[in-house]
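Okay, structure first, notes after.
Please treat every number below as a calculation from the coordinates, not as lab data. None of the values given here were measured: they were computed from a predicted structure. Ideal geometry is used to build each Cβ from the backbone, glycine not excepted, and the neighbour counts take in all protein chains shown.
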Amino acid sequence: MVYGQKMQELKFEVVVNADLCSEVEGVVAFGEFSSPKGTAVVYPDELTELTSFYADLLLGRPFPLTLATRKVARIGRLVSLALFLHRDLAVHPRMPALVAAASLVDQLRLVGLAHVDPDLARFFKFLVACLPPGLSKSEQKDRLVTAVGWIREYVLEDRLPSLPPAPATPTIFDVGTNGFVLAQSAPKVPLEDGWVELFRQGYLRGALFGLDKDGRRAVLAARKSHFLEFDLRRASEALNEVEGAMGEPAGWVTDGLWLEGPEGGTRLLIADVQKVLVRV
């Protein structure tokens with residue numbers, strides 16, 4: 001997919017191609033690339049590429065006229081594409097805040113979304129949702145053109161496209177020490193979105209439950225970072241033991257930061273889950 005933008009006699013192009021080889025020349029490249037001849041400008045680190053590119057752009061670094069990347073899966077890369085194609089955005093006073101917000105979300109994901117302006121967080125989620133994997137080349141091009149246009153409108157005019165309604169906030173059941181919370185997500189609100197709001201309210205760890213459906217509830221427990229004492233691996237083991245004693249499959253899984261209940265929900269009562277979590 002190639003998308004072009006003319007600027008005073010110059011024509012900037014963006015190439016998005018999952019099959020790009022690892023060696024590139026004469027382009028600005030975002031991703032795991034190398035430039036043996038040294039004619040490409042490569043930003044290999046997804047988490048710092050936006051801030052590095054933005055700083056280089058402000059400092060007047062010369063760039064090739066083509067940007068190449070294998071994918072556009074993060075909000076920071078999409079903002080980088082907008083900056084590459086529309087250089088006037090770089091010097092707009094609203095741009096540093098947008099770069100900082102996008103970089104925070106790329107680095108911290110859901111936690112990052114909780115700490116940027118709520119409308120901007122919804123905009124970021126909307127942009128990423130508009131560019132899912134598996135699009136045809138023509139669909140990807142059309143949506144990328146639209147997304148870049150929305151970013152430009154936000155920076156220059158402080159205007160956002162029509163976004164889905166803001167999700168309802170969770171219902172708090174109980175709170176405890178060190179930012180602990182038990183809550184229930186609002187109807188039709190994904191548990192991940194509910195945690196964004198809980199983090200935004202200042203909670204650091206706990207469990208968020210879905211609505212009761214035929215005696216089962218979805219559950220997503222979390223701790224905001226590895227700095228917090230909340231052993232979700234121990235919790236997973238304990239909860240799976242309880243599930244087994246009830247004749248249920250051991251479906252609690254964790255990566256250390258997030259603990260997800262069994263697929264289809266758990267029959268355990270909220271109070272039973274709470275008893276385990278307050279001990280880990």
D (µm²/s, integer) via Stokes-Einstein for region 2-157, Kirkwood Rh across alpha-carbon pairs, 37 °C, 0.692 mPa s: value 208
Dividing the mean separation of Cα pairs under 8 Å (6+ apart) by the residue count of the chain yields a relative contact order in percent of 11
Sorted on mean Cβ neighbours within 10 Å (highest first), peptides 48-57, 92-101 come out as 48-57, 92-101
Env charge @ Ala221, Cβ radius under 15 Å, K,R +1 / D,E -1, value -1
Expressed as a whole-number percentage, the relative contact order of region 2-157 with C-alpha contacts under 8 angstrom and at least six residues apart is 22
Computed from the beta carbon distance with a Förster radius of 22 Å, FRET efficiency for Val15 and Ala55 to the nearest 0.05 stands at 0.40
Among Phe12, Leu127, Pro93, the residue whose Cα sits farthest towards the positive end of the charge dipole of region 2-157 (+1 at Cβ of Lys and Arg, -1 at Cβ of Asp and Glu, taken about the Cα centre) is Leu127
Here, Asp88 and Leu156, labelled 7 Å along Cα→Cβ, have an inter-label distance in nm of 0.5
For Tyr43, Tyr203, ascending order of other Cβ atoms within 10 Å (fewest first) is Tyr43, Tyr203
For the pair Arg234 and Asp214, the simple spin-label estimate (label points 7 Å beyond Cα toward Cβ) gives in nm 3.6
For region 101-200 (alpha-carbon point model, no solvent) the Debye-based log₁₀ I(q)/I(0) at q = 0.10, 0.16, 0.21, 0.24 Å⁻¹ works out to -0.35, -0.79, -1.15, -1.31
In whole percents, the bins of 5 Å from zero upward hold the Cα-Cα pairs of region 220-280 as 4, 20, 32, 27, 11, 4, 1, 0
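If you restrict to DSSP beta bridges whose two residues both lie in the chain, what percentage is antiparallel, to the nearest 5?
Looking only at bridges with both residues in the chain, the antiparallel portion is about 60 percent.
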Which of (i) 17.3; (ii) 20.0; (iii) 15.5 is the computed mean projected area of the Cα convex hull in nm²? It is (i)
At q = 0.10 1/Å the base-10 log of I(q)/I(0) from the Debye formula over the alpha-carbon atoms of region 171-277 is -0.24
GNM on the chain, Cα springs under 10 Å; top mean-square fluctuation among Leu208, Leu113, Leu257 goes to Leu257
